[in-house]
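Remarks on the structure that follows.
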Amino acid sequence: VQLQAYGGGLVQAGGSLRLSCAASGRTFSSNGMGWWRQAPGKEREFVAAIRGSGLTTYYADSVKGRFTISRDNAKNSVYLQMNSLKPEDTAVYYCAAQGFGSGMFYLRGAYDYWGQGTQVTVSS
């Protein structure tokens, strides 16, 4: 099983980026998927998650109203649209998938598969 994240880059504050994550090796249409991030010297933190149906989403308070998570089960993919980016959003962003069901999205240990990460840098 592989999760391939891409779409990161360098953007000015106030700009937008769209991250994509394509899964291969198994389908995750019934499983939760999410995005996490890790800034230099900090712990990896939860950003957003989405249930298998795509009907329910969850966000960290720091990104609520600015980021939108979505998924396309036909493409076995999850996305993160990031608007109004701030310098404090600078981090390596990781997509993750749950191996069984959907739940406990805020817990890092609830995810069984992780992508390699994509760098997002927001300049002031």
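The values are calculated or read from the model by the stated rules, or taken from the named source; none is laboratory data. Here the structure is a predicted model, which is why all the values come from computation and not from measurement. FYI the Cβ positions are ideal-geometry reconstructions off the backbone, even for glycines, and counts take in every protein chain you see. Ligands, DNA and RNA are excluded from the accessible area calculation, which covers all protein heavy atoms including side chains. Shrake-Rupley method; radii C 1.70, N 1.55, O 1.52, S 1.80 Å.
Please list T121, T68, T27 in order of solvent-accessible area, largest first, computed with a 1.4 Å probe with all protein chains present.
From most exposed to least exposed: T27, T68, T121.
Based on protein heavy atoms only, the chain ends up with 49 Å² per residue of surface accessible to a 1.4 Å probe. Sites listed here are GluC sites (Glu not before Pro) in segment 36-124 whose DSSP assignment is loop and whose Cβ has at most 13 other Cβ atoms within 10 Å: E43.
Counting only protein heavy atoms and a probe of 1.4 Å, the accessible surface of the chain is 49% carbon and sulfur. Listed by chain and number, the lysines whose C-alpha is less than 19 Å from the C-alpha of K86, apart from same-chain residues fewer than 8 away, are K42, K64.
Classified by the C-alpha gyration tensor, segment 56-95 has a prolate form. Its axis ratio a/c, with a ≥ b ≥ c, is 1.5 or above, and a/b is larger than b/c.
When only alpha carbons are used to place a centre, segment 47-123 and segment 1-29 end up 9 Å from one another. Within segment 27-124, the trypsin sites (Lys or Arg not before Pro) that combine a DSSP coil assignment with at most 14 other C-beta atoms in a 10 angstrom radius are K42, K64, K75. Phi-derived couplings, Karplus 6.51 cos²θ - 1.76 cosθ + 1.60 at θ = phi - 60°, listed residue by residue for segment 52-67: x, 5, x, 8, 10, 10, 9, 9, 5, 4, 5, 10, 4, x, 10, 10 Hz, with x used for Gly and Pro.
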